[in-house]
Amino acid sequence: MAIPDYPNNPAVDDEFTVGLVTFIWDGEKWRRKPLPSLAPDASNIQYDNIGTALSSGNVQNAVTEVAAKAYEQVVATAVQYDNTASELTATNTQGAIDELDGGIEALASQTVRVFTSVQDMNTFSTTGLASGYVANAGGTEFVWSGTAWEPRGDVLANSWGLDVGNTPIQNTQALQAAIDYVQNLGGGKVLIEFDTSAYVFAQSESAEVFDDDGAALSPNDINAGCCIVLRENVKIESSQGRAKLQSESPRQSVIWVISPDGAGVKGFDISGGWDSITGAGHGILQISKTIGNDTNTGFRVEDNIIHDVASYAIGVQTGNVENLRVIDNITYNTGADGIDVKGRGSADGETFNIIISRNRIGKFGYRSNLSDQAGIDVRGLAIVKSNTVFNVEDVTPDGAARTGIRCRPAGTGRVFGSTMSKVIGNHVESNNIANFRAFAVNSNLIKVIGNTAKNAVFGFRVDRNSTDNIPNTQTTVALNSAEGCVVGYSSRPGVELCNFHGNVDRDCSEAYRLDGNDTLVTDVNSFNATTFVRFISSGNSVKGGKITGAVTTKVRDNEGGASNTVTDVDGIRVRQRSQSLAVDISTVGLKTVTVPHSLALPPTSPSQVIGSLRSTSTDVEASLVACTSVDANNATFYVKVSKVGTGDVRVVADISFYL
């Protein structure tokens with residue numbers, strides 16, 4: 001084009017035209033004047049449709065059809081522009097289309113092709129499809145790598161056809177397909193979309209064989225199988241609400257987790273549909289891929305509500321479990337334990353670094369013929385912290401014992417178990433169940449600190465390693481509270497060097513029952529206990545503390561022998577074990593009787609000693625009048641015989657020593 005002959009010395013806004021182009025002077029240079037805008041009403045825009053096979057219409061129709069022609073099924077409705085055509089730079093619509101067409105190719109590489117499901121996407125021809133092409137299949141975004149569809153981030157199980165309106169077997173197939181797909185990619189997260197209705201699952205169709213501590217199990221076992229198999233490095237999580245997962249039959253566990261390295265379950269409402277009678281299914285049950293004690297690392301169970309299952313709500317059964325996290329879950333109406341961590345691995349590869357925290361365990365252990373179930377049962381090195389076990393009802397189906405929180409060995413030969421675990425800041429309360437233990441400890445070196453127990457037969461019970469019948473040593477029970485228990489704190493036979501320190505008890509029948517050896521009770525406070533401490537075994541000591549309230553017997557039946565001691569406790573007295581006395585009952589009158597005692601630090605004044613007498617014969621009447629003296633070995637009393645008797649008659653003394 002020839003160079004225009006520009007006018008000389010133009011004023012601002014002067015114009016001149018060359019052909020169809022008008023120029024305007026802006027004060028510094030000549031600029032091309034924009035074309036006038038088209039009318040705001042674009043409904044009458046026409047365009048040249050020669051060779052394009054486009055139908056008449058407005059600009060949006062034209063763009064959509066050009067995109068569909070040029071790029072097959074690309075969604076062109078994402079093209080945005082001023083529909084009044086005020087932004088167009090050509091006087092006719094065909095010019096506008098030509099200019100938009102230049103940008104559509106770039107747009108096509110970013111536009112998402114929508115499919116109803118992954119199955120629908122997989123029928124789409126990828127021949128010649130460039131890398132980077134994006135598709136949305138039922139809510140999950142994928143990108144074409146050149147050889148395969150790869151997810152852009154987390155996948156949605158609903159993309160495989162999971163739907164609350166589907167049949168249970170369809171849901172099982174869909175969720176399993178999503179899990180297997182992610183596991184084959186090396187792991188990742190499977191999201192399940194929230195719905196107000198439940199996703200109901202049927203029994204798995206898989207015939208794979210897994211291991212439960214030497215027992216072969218298959219998902220499709222009609223009596224002991226599962227619905228969903230969660231594999232290693234795959235996490236399932238509820239999306240945008242708490243999705244409900246329910247087993248069609250209480251015989252089936254809802255989820256099996258197989259050798260769960262990096263696996264996780266988060267944010268669900270999980271129900272086994274248990275009717276309190278039928279089945280033995282679990283909520284979440286971890287087992288191993290093969291016999292041989294897998295090491296399982298990093299399994300997480302978080303923020304779930306698990307209920308109405310015939311066995312465990314959460315069960316971690318086999319292998320050497322490491323870095324397990326069970327946090328912020330709620331369980332209730334379970335036939336067996338609320339949370340059970342067995343970790344039945346090899347003897348030389350123990351279970352450790354377990355955290356069980358901020359869980360709420362409701363009604364548990366209510367399936368018939370199950371002995372001694374627990375709210376939380378741990379057999380590995382764990383921190384059990386800030387959990388609540390509550391709403392334990394009065395009657396169990398078979399009258400079996402129940403325990404709130406228990407730490408114990410993992411099994412025969414696996415003596416490490418929960419050794420060196422910490423049980424901190426938990427609360428356990430029952431509704432006055434007849435055979436309920438709030439806290440039970442059966443492993444060595446455990447710290448039980450800052451917990452509360454209410455309404456139990458035993459508030460805190462330390463026992464021997466019953467699995468291998470070996471002593472439990474050096475457990476510390478400190479700064480806890482026991483209320484309304486038959487026995488607040490107890491060391492059992494086989495317990496050695498247990499330390500009860502700084503604890504509080506209120507309204508317990510017995511504050512302390514010491515049946516272990518060398519148990520030390522220090523600086524404790526007892527309120528309204530019927531018996532403060534009962535010695536059953538030897539070598540135990542009580543030192544420091546205070547007793548207040550209506551206590552009938554401060555120390556009961558010194559059954560353990562001479563080596564038990566009580567010192568520096570405000571308001572305490574020791575009740576000497578009942579014993580026969582040599583009393584002359586052949587004549588009436590005032591007699592002198594010496595009663596031996598076994599106190600390491602006896603009273604220093606006769607006023608600190610009181611007692612009573614009873615006879616095996618109604619013919620004899622005798623009473624203990626007063627203590628006349630007391631020394632390191634004996635207390636001497638006046639005994640008044642009011643009525644004589646003959647034959648083999650025993651006079652028995654009950655003596656209390658105030659310290």
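A compact table of results
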| quantity | calculated |
| --- | --- |
| Where S247 falls short, out of the listed (1) over 28 Å from K342 (Cβ atoms); (2) surrounded by 19 or more Cβ atoms within 10 Å (Cβ to Cβ); (3) among the polar types (S, T, N, Q) | (1) |
| Verdict on I547 being modelled with pLDDT of 70 or more, open to solvent by less than 70 Å² (accessible area, probe 1.4 Å), in a loop (DSSP other than H, G, I, E, B) and of a type in the set (A, V, I, L, M) | no |
| Selection count where residues are open to solvent by 70 Å² or more (accessible area, probe 1.4 Å) and in contact with a Ser or Thr (Cβ under 7 Å, 6 or more places away or on another chain), scope segment 626-641 | 2 |
| Which listed residue is open to solvent by 40 Å² or more (accessible area, probe 1.4 Å) and of a type in the set (A, V, I, L, M, F, W, C), from I277, I284 | I277 |
| Members of segment 419-431 that are under 14 Å from L479 (Cβ atoms) and assigned to a loop (DSSP other than H, G, I, E, B) | G425, N426 |
| Answer residue from segment 612-625, given it is within 60 Å of the chain's Cα centre (by Cα) and surrounded by fewer than 16 Cβ atoms within 10 Å (Cβ to Cβ) and is farthest from T594 (Cα to Cα) among those | T616 |
| Which numbered condition I355 fails, given (1) in a strand (DSSP E or B); (2) open to solvent by 40 Å² or more (accessible area, probe 1.4 Å); (3) within 29 Å of S249 (Cβ to Cβ) | (3) |
| Failed condition for G417, given (1) in contact with a Cys (Cβ under 9 Å, 6 or more places away or on another chain); (2) at pLDDT 80 or above | (2) |
| Some residue of segment 512-525 being part of a strand (DSSP E or B), modelled with pLDDT under 90 and open to solvent by less than 30 Å² (accessible area, probe 1.4 Å) | no |
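Conditions (1) touching a Phe, Trp or Tyr at 6+ places or on another chain (Cβ under 8 Å); (2) surrounded by fewer than 19 Cβ atoms within 10 Å (Cβ to Cβ), marked per residue:
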residue: P151; (1), (2): yes, no
residue: L156; (1), (2): no, no
residue: T172; (1), (2): yes, no
residue: A177; (1), (2): yes, yes
residue: Q203; (1), (2): no, no
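The values are calculated or read from the model by the stated rules, or taken from the named source; none is laboratory data. Values in this document were obtained by computation on a predicted structure and should not be read as measured data. Glycine gets a Cβ as well: all are built from the backbone with ideal geometry, and neighbour counts include every protein chain shown. Areas reflect the complete protein model, heavy atoms only, side chains present, ligands, DNA and RNA absent. Shrake-Rupley method; radii C 1.70, N 1.55, O 1.52, S 1.80 Å.
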